[in-house]
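Take a look at the structure set out below.
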Amino acid sequence: MSHITSTYPSNLAQVHREPVENWMNIKGFDLLKALYTESNRWTFAFEMTALLSRIKNHLNAINNHRIHVYERSVLSCFHVFIRHDLEQNYLNEAEYKILQDYFEYSRQKTIDLSQTVILYFDLSPKECFERIIQRSRQSESNIDLKRLEQIKYYYDEFIHNFNLCSIKIIDASQSTEQLCQQVNSLLNQFIKQNQIHDMTHNRQSSTITELES
């Protein structure tokens, strides 16, 4: 995300980061840490908070001609994480139904799938775990390899079965330089397509690029 911010001016590509710091301090309470330490107690609260954060980002992007780059997709929020939570019994059926209804309503109101592209940075759970350790974020200290393996399973199902928008798979085990080159190539292509679309239709539009890792 930092590479995109430093490479592309905001009038071409606007970056929307995950509001992790907000999740770690909700009136002094670290909801992200609570998610991993007491999953049965705090999963519903966290998923509703995360879903609301991502929907707000999309609402802010409506009717804006820039390329909008999101750190994580609203789509994976439901199809990966909330599905994982249900099947691991971190959510009960009633909580899942509430999240599902909110997701479906919000998606229909805020996301144009015809203008959405997901860039999926594919990395093994073991490598993800190593990067979490290197990042050394206190709130993530209770994430274990098993949880990452479960999330990877649901991601693979989502990426290979979801067909309502374009998905580009990127090998995230490449060097940083190779990753940046590949991302630049794709973003340059999206920017060009977006500019052509604007001129052809004589109106503003937004291409949504959502990063997943």
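Using modelled amide H (1.01 Å from N, peptide plane; none on Pro or chain starts), what sits under 5 Å from the amide H of I26, excluding residues fewer than 5 places away?
Long-range HN contacts for I26: L31.
Over the range 2-212, what is the percentage of antiparallel beta bridges among all DSSP beta bridges, to the nearest 5?
Expressed as a percentage, antiparallel bridges in the range 2-212 total about 5.
Kirkwood Rh over Cα pairs of the range 1-107 into Stokes-Einstein at 4 °C, 1.567 mPa s: D in µm²/s?
The diffusion coefficient I find is 86 µm²/s.
Which entries of K126/K168; K33/K146; K33/K109; K168/K192 have Cα-Cα distances beyond 24 Å here? Kindly include the intermediate steps, with their values, before the conclusion.
Details: K126/K168 22 Å; K33/K146 17 Å; K33/K109 31 Å; K168/K192 17 Å.
Cα-Cα > 24 Å for K33/K109; rest within.
Using R₀ = 41 Å, calculate the FRET efficiency as 1/(1 + (r/R₀)^6) where r is the Cβ-Cβ separation of T37 and H3; round to 0.05.
After rounding to 0.05, the efficiency reads 0.80.
Using amide H atoms built in the peptide plane, which far-off residues or other-chain residues are under 5 Å from K168 H to H?
Residues meeting the amide H criterion: I118, L119, Y120.
What residues qualify as long-range amide H neighbours of A13, i.e. H under 5 Å apart, gap of 5 or more or another chain, H built at 1.01 Å from N?
Hits under the 5 Å cutoff: I67.
What is the pair-distance distribution P(r) of the range 2-212, computed from all Cα-Cα distances in 10 Å bins starting at 0, with each bin given as a whole percent?
Here the calculated profile for the range 2-212 is 7, 31, 38, 19, 4, 0.
Rule-based calculations on the coordinates, nothing more; no lab input. Keep in mind it's a predicted model, so treat the numbers as computed, not measured. Here Cβ is always computed from backbone atoms with ideal geometry, including for glycine, and neighbour counts include all displayed protein chains.
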